[in-house]
1. If you go through region 83-91 one residue at a time, do you hit one that is open to solvent by 60 Å² or more (accessible area, probe 1.4 Å), in a helix (DSSP H, G or I) and modelled with pLDDT of 95 or more?
2. Applying the selection to region 47-82, what residues are open to solvent by 80 Å² or more (accessible area, probe 1.4 Å) and within 21 Å of the chain's Cα centre (by Cα)?
3. Restrict the check to region 128-150 and report whether at least one residue is more than 30 Å from ARG20 (Cβ to Cβ), part of a loop (DSSP other than H, G, I, E, B) and among the hydrophobic types (A, V, I, L, M, F, W, C).
4. Just to be sure I understand the filter: pairs with C-beta atoms under 9 Å, separated by 6 or more residues or on different chains, first member in region 50-67 and of a type in the set (Asp, Glu), second member part of a helix (DSSP H, G or I) and modelled with pLDDT of 90 or more. Which pairs pass?
5. So which of PHE126, PHE114 ends up being in contact (Cβ under 8 Å) with a residue 24 or more places away in the chain, of a type in the set (Phe, Trp, Tyr), out of contact with any Ser or Thr (no Cβ under 7 Å at 6 or more places or on another chain) and within 27 Å of LEU39 (Cβ to Cβ)?
6. If we keep just the residues of region 24-44 that are without any contact (Cβ under 8 Å) to a residue 24 or more places away in the chain and under 11 Å from the mean Cα position of the chain (by Cα), which is farthest from LEU111 (Cα to Cα)?
Amino acid sequence: MGTFACDGDTLALEAAAAVRSASQAVDRLRSQGAAGRGLSAGALDVLVRLGATTDEGLSIGELARAGGVSSRNITGLVDTLERDHLVKRVQDRHDRRSVRVRITPSGRDWLESFRQPTQRAMSAVFQGFSPAELDQFRHLCLRLVENQQRIEHYLRTSPPDQSASS
């Protein structure tokens, strides 16, 4: 890491590597749990989002924006979930040209059966952390997300650096 660090200060790089490793560990655990029940991590994310919405459901675009992925990706995940009778597509009652996705009773049952094993797994992953440490950890992770969103916004709204093309 010293190669990439300015003035030999590797602390930020080490912190980034640790966050990445921790994120991958939690994702692997989550994926194993979902895959063991027949769903990919992406499909699980869609199902969880739909489980937290009103009976109106969400559009493909809303699901894509919430998940930070393409509408095409969400369409494939919804196809899979619909095939498994966990979600259904319905006509938008406010716009007949639009379709919304709703969780089915079977989808709600699936989520409920997944809830307890997930809680046990997360308790095991965070074993030994005090409530104050978990609160601080959550706070720090959300600050990282805010910083990353601010950087993305800046990159989207700033003109390209002209000196790079000279």
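1. So far as region 83-91 goes, yes, one or more of its residues are open to solvent by 60 Å² or more (accessible area, probe 1.4 Å), in a helix (DSSP H, G or I) and modelled with pLDDT of 95 or more.
2. Once the filter is applied, which keeps residues that are open to solvent by 80 Å² or more (accessible area, probe 1.4 Å) and within 21 Å of the chain's Cα centre (by Cα), region 47-82 yields ARG49, ALA52, THR54, ARG65, ARG72.
3. no
4. From region 50-67, the pairs are GLU62/ARG49.
5. PHE114
6. ASP27
The values are calculated or read from the model by the stated rules, or taken from the named source; none is laboratory data. Because the structure is a prediction, the values reported are computed rather than measured. With ideal geometry, Cβ positions are generated from the backbone for all residues, glycine too; neighbour counts draw on all protein chains shown. The area values use the complete protein model at the heavy-atom level, side chains included, leaving out ligands, DNA and RNA. Shrake-Rupley method; radii C 1.70, N 1.55, O 1.52, S 1.80 Å.
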